[in-house]
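**Q** Could you have a look at this structure, given as structure tokens, before my questions?
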């Protein structure tokens, strides 16, 4: 069974678009990917793409982690 998804959920972001959404530079984005902190899709040997939902998840997790650190 195939479940249809809205076209918007199937769109993938480039490195530049993902970095812009996160408010970070490309080098920082690459570091987050290398460290395994930001989910990505390999679209080729040197091509990375990002799901908007993964960017949102990263932002939510980062906000939760920074809030927890402030409480300690």
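**Q** For segment 10-29, enumerate the residues that are closer than 21 Å to residue 60 by Cβ and in contact (Cβ under 8 Å) with a residue 24 or more places away in the chain.
**A** Listed by number, the residues that qualify are 11, 12, 13, 15, 17, 18, 21, 22.
**Q** In segment 14-72, which residue that is assigned to a loop (DSSP other than H, G, I, E, B), loosely packed, with under 10 Cβ neighbours inside 10 Å and more than 11 Å from the chain's Cα centre (by Cα) is modelled with the lowest pLDDT? Walk me through it before giving the result.
**A** At the first step, the residues of segment 14-72 found to be assigned to a loop (DSSP other than H, G, I, E, B) are 14, 23-25, 35-40, 43-47, 51, 72.
If we keep only those that are loosely packed, with under 10 Cβ neighbours inside 10 Å as well, we get 23, 35-36, 44-46, 72.
Cutting the leftovers down to more than 11 Å from the chain's Cα centre (by Cα) gives us 23, 35, 44-46, 72.
Values: 23: 96, 35: 97, 44: 91, 45: 91, 46: 91, 72: 53.
The extreme case among them is 72.
The values are calculated or read from the model by the stated rules, or taken from the named source; none is laboratory data. For clarity, every value in this text was computed on a predicted model and none was experimentally measured. All Cβ positions, even for glycine, are placed from backbone atoms using ideal geometry, and neighbour counts span all protein chains on display.
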